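**Student:** Below is one structure. I have some questions about it.
Computed from the coordinates by the stated procedures, all read-outs in this text should not be read as laboratory data. Note that the coordinates shown come from a computational prediction; the quantities given were computed from them, not determined experimentally. Positions of Cβ are generated from backbone atoms using ideal geometry, with glycine treated the same way; all protein chains shown enter the neighbour counts.
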Amino acid sequence: MPLFTPLTLPCGTILKHRIAKSAMSDSLGDGTGHPSEAQTALYQGWDAGGLAVSIIGEVQLTAGFAEKPGNLVLNAASDLSRFRALAKAGQQNGSQLWLQLGHAGALSYAPTSNPIGPSALNLDGLTCAEMTIKDIQAFPTQCAQTAKLAQEAGFGGVQIHAAHGFLLSQFLSPLFNKRTEVYGGSIANRMRILLAAITATRAAVGPSFPIAVKLNSSDQLEGGLSEDDALEVIKALDTTSVDLIDISGGTYFPGAKSASDSAGSGPYFLTFARKARPLTSKPLMLTGGIKTRAQAEAAMEVVDVIGLARAMILEPTLPNQWQAKTNPEPKFPRFATAPEGGITAWYTMAMTAPPISMEAAIENYAQRDAERTKIWINHFAK
Ligand SMILES: Cc1cc2nc3c(=O)[nH]c(=O)nc-3n(C[C@H](O)[C@H](O)[C@H](O)COP(=O)(O)O)c2cc1C
């Protein structure tokens, strides 16, 4: 299936071709959960680069459980006109700008939250309280409200984040979900909150608005979500109204492997995608480790959409260049050593400024977070 053919999603929306910028937390919100000028310019640039879909990572449903103080927060308290301006700026060239609906759960940014997760944790560097049934039941409604506002603001779709160790991924993981009622135990129970979120979101946005899900093929953690259980989730998603299943893997738990910190050659999760393919008629997207057009085309034999993250930072016009058959190979930096999270920090800073050293990127990233944290606490405490 060629890369540059349109794709009609189950909801009827047509993607102009098969290349998406997978969700990335850009940390460029202004600290009050609203878009900044730098962020608008970033999505304008990616739209001009020829993407079919560009997904803004970690857009929070509430201010309470953000991944970073530079996340966007979209709910009834938001100034929708500022989101409308971002949606307009990022969709001038036929690409669609989608919002990834996020709740960081146990991984919520500690300086701005009191983290909660499916089960209480008290580990070194990772503590959270157990969610009440009321907390769990509120989640699908919050997803639905944010998705509805995204639609009203003119965004092209939403992606429910169920990967990488954040809230829904914690629910899917037997390592982090020790609940003994209907939200824990069997994989059918552990995916219950995800399925409820999809149902509520679809009811809010109607039949024609794209809803995607990002799912781990496995957590790559002993005792975490296994491939067999992830395949059960794929089967269940097939019976829902989702439009696109984005396959990823790994988690951001301290000491675990994350796809964005991986230096290996990809596509990372193609073997899993091959197993998932016969289990669902939903379009599949594959994200992780895709750097060259040849890799993208090979993956297209199995999936319908290619997700690129780091390559789009290094070469923001990659889709246009691949379409023009100039086929550049993005020059991926090699880091002699990288502390945990260092590569992700380096790429985050490289979104808006010329690349700098790993040490400087980590320092600048931390400093920017500290500044945003002050604004966040001041704003949301009101
Ligand atoms: C700076 C950065 C931020 C990221 N933030 C998110 C995020 O908010 N949500 C998400 O699902 N994935 C996030 N990712 C992971 C990417 O979407 C992707 O799964 C991963 O980087 C592997 O793809 P790649 O090899 O094309 O970079 C992030 C990656 C990077 C580099």
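**Student:** Would you work out which of Val233, Thr62, Leu168 lies farthest towards the positive end of the dipole of region 7-380? Charges go on Cβ: Lys and Arg +1, Asp and Glu -1.
**Tutor:** Val233
**Student:** While we're on this one: With θ set to phi - 60° and the Karplus curve 6.51 cos²θ - 1.76 cosθ + 1.60, what are the ³J(HN,Hα) couplings of region 93-109 in order, to the nearest whole Hz, using x for Gly and Pro?
**Tutor:** For region 93-109, the Karplus curve yields 10, x, 8, 9, 9, 10, 10, 8, 7, x, 8, 7, x, 4, 8, 4, 5 Hz.
**Student:** Within a Cβ distance under 15 Å of Ile116, other residues only, what is the Lys/Arg minus Asp/Glu net charge? Can you show the working numbers first?
**Tutor:** On the way: positive: Lys134, Lys178, Arg179; negative: Glu67, Glu130, Asp135.
Here the charged neighbours net out to 0.
**Student:** Also, I was wondering about something else. Order the peptides 142-149, 2-9 from the highest to the lowest mean number of other Cβ atoms within 10 Å of their residues. Don't jump to the answer; show the numbers that get you there.
**Tutor:** Numbers: 142-149: 22.4, 2-9: 14.1.
Going from most to least packed, we get 142-149, 2-9.
**Student:** Sort out for me the Cα centre separation of region 358-382 from region 298-350, rounded to whole Å.
**Tutor:** A separation of 26 Å, based on Cα centres.
**Student:** To continue, here is another question. Given N residues in region 150-197, what is Rg(Cα) / (2.2 N^0.38 Å)?
**Tutor:** On the way: Rg = 13.1 Å, N = 48, 2.2 N^0.38 = 9.6 Å.
This ratio for region 150-197 stands at 1.37.
**Student:** Hey, another quick one. How do 161-168, 333-340, 70-77 rank on mean C-beta neighbours within 10 Å, highest first?
**Tutor:** Result, highest mean Cβ count within 10 Å first: 161-168, 70-77, 333-340.
**Student:** So if I place +1 on the C-beta of Lys and Arg and -1 on the C-beta of Asp and Glu, and nothing else carries charge, what would the dipole magnitude of the chain be about its Cα centre? I want it in debye, nearest 20. It would help to have the intermediate numbers written out before the result.
**Tutor:** Values: 31 positive and 32 negative charges, 138 e Å.
For the chain, the charge dipole is close to 660 debye.
**Student:** Taking the Cβ of Thr132 as the center, what net charge do the other residues with Cβ under 14 Å away carry, scoring Lys and Arg +1 and Asp and Glu -1?
**Tutor:** Working: positive: Lys134, Arg179; negative: Glu130, Asp135, Glu181.
With Lys, Arg at +1 and Asp, Glu at -1, the neighbours total -1.
**Student:** OK, next. Step through the residues of region 329-340 one at a time and calculate ³J(HN,Hα) from phi using the Karplus curve (6.51 cos²θ - 1.76 cosθ + 1.60, θ = phi - 60°), rounding each to whole Hz and writing x for Gly and Pro.
**Tutor:** Result, ordered by residue: 9, x, 8, 6, x, 10, 10, 4, 9, 8, x, 3 Hz.
**Student:** So, counting K/R as plus one and D/E as minus one, what does the shell of residues with Cβ under 9 Å around Leu244 add up to?
**Tutor:** Here the charged neighbours net out to -2.
**Student:** Also, I was wondering about something else. At what distance in angstrom do the alpha carbon centres of region 223-257 and region 155-192 lie from each other?
**Tutor:** 9
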